[in-house]
Amino acid sequence: MTYTVQVNLDDPWFDRPVGVPVLDARQWGPQLRFSAPPRLIEEFYREYESQIAPFVLYGSGDFHHLSALWIRRVTQSIVVVSFDNHPDWDIRPPKWGCGGWVNRALELPNVQRVSVWGCGNFECWWPRQIFGNRRAEREGKLDVHPWADERPVEDRRRRGAILRENWQERFEKFASDLRGENVYVTIDLDCMCAEEAATNWESGRFTIVDLTWALGKLRESSRIIGGDICGAYSPPSYARFKQRLAAGFDHPKLNLPSAEQIRRINSTTLEKLWPALAQ
């Protein structure tokens with residue numbers, strides 16, 4: 001069985017990166033980007049299910065909901081660890097969208113828990129947190145770890161909140177508690193600082209050094225049996241009017257570097273990050 005694969009939905013990497021075999025799925029990109037009806041999700045999955053490898057490289061973070069499909073193929077009981085600038089826990093429609101894919105993962109019988117690290121946007125705080133899956137958080141099935149450095153003192157007491165000065169200590173304890181577990185790791189590049197990743201969303205605070213350190217800590221105590229990386233910038237293209245309208249409303253306005261700079265930044269990051277994940 002192939003150990004790694006790139007599912008090319010939107011040409012985010014310009015060329016074939018780091019020697020990963022490529023599946024050309026560009027005909028599906030505009031249909032699945034940002035959100036998609038369940039019917040299309042299932043049609044796509046049926047077409048590519050047998051070709052998906054344990055470690056998947058794919059498109060913009062607008063496709064992060066497809067992680068729930070890659071995880072669907074895992075038969076072992078797992079803990080999902082997500083590095084993302086967004087919690088992706090929104091309980092509102094659509095059912096299949098990049099902002100709510102964590103809920104699709106939690107529906108899978110083999111997923112014990114999802115842990116999200118590095119959230120930097122407003123969705124983890126009042127009032128927008130009311131749209132998140134707080135029930136799963138209360139039940140211990142989901143934990144989110146948002147940056148709280150620039151938040152009021154009372155916010156720093158939020159469950160799971162992390163600071164630059166203590167996040168490694170918190171993560172090391174988390175990884176140690178996973179001893180003997182099977183882990184699936186998903187990385188959205190928007191969790192990284194703008195100098196190290198060009199994406200379609202707001203930039204986070206992690207660096208390559210941070211993420212490779214965290215992957216190493218996970219490997220010390222648990223087994224990373226699968227994972228994926230998404231989030232590289234690609235020009236948006238949509239198949240449906242409502243999809244385009246919703247995506248345009250939800251996306252931030254960004255000042256992006258040139259295409260050549262985007263390619264250089266993301267390629268450099270991938271060359272270092274992919275081997276650390278899919279070793």
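Using just the helices of the chain, give the 222 nm mean residue ellipticity in deg cm²/dmol: DSSP H runs with n ≥ 4 each add -39,500 (n - 2.57), and the total is spread over all residues, rounded to 500.
-9000 deg cm²/dmol
Can you give the charge dipole size of segment 4-277 about its Cα centre, rounded to the nearest 20 debye, using +1 on the beta carbon of Lys and Arg and -1 on the beta carbon of Asp and Glu?
For segment 4-277, the charge dipole is close to 680 debye.
Which log10 I(q)/I(0) values, to two decimals, does segment 1-86 give at q = 0.13, 0.23, 0.25, 0.26 Å⁻¹ under the Debye formula with one point per Cα?
-0.41, -1.34, -1.52, -1.59
For Val116, what residues show an amide H to amide H distance below 5 Å, using hydrogens built from the backbone and excluding near sequence neighbours?
Under 5 Å from the amide H of Val116: Ser82, Asp143, Val144, His145.
When the dipole is taken about the Cα centre of segment 172-279, and only Lys, Arg (+1) and Asp, Glu (-1) are charged at their Cβ, what size is it in debye, to the nearest 20?
So the magnitude is around 280 debye.
Write down Rg/Rh for the chain, rounded to two decimals, with Rg from the C-alpha atoms and Rh from the Kirkwood relation over Cα pairs.
With Rh from the inverse mean 1/r over Cα pairs, Rg/Rh is 0.93.
Give me the distance between the Cα centres of segment 62-102 and segment 215-279, rounded to whole Å.
14 Å
Under 20 Å between alpha carbons, and skipping anything fewer than 8 positions from Lys272 in its own chain: which lysines qualify?
Cross-link targets: Lys217.
Lysines within cross-link reach of Lys95: Cα-Cα under 28 Å, excluding same-chain residues under 8 positions apart?
List returned: Lys141, Lys242, Lys253.
log₁₀ I(q)/I(0) of segment 140-279 at q = 0.11, 0.13, 0.16, 0.20 Å⁻¹, via Debye over equal Cα point scatterers, no solvent, to two decimals?
-0.51, -0.70, -1.01, -1.29
Any aspartates and glutamates with Cα under 17 Å of the Lys173 Cα? List them, leaving off those in the same chain fewer than 8 positions away.
Hits, sequence-local ones excluded: Asp143, Glu165, Glu181, Asp210, Glu220.
Taken together, the values in this text are just the output of simple stated rules run on the coordinates, not laboratory data. Note that the structure is predicted; figures quoted are calculated from it, not measured. Positions of Cβ are backbone-derived with ideal geometry, glycine not excepted, and every protein chain shown enters the neighbour counts.
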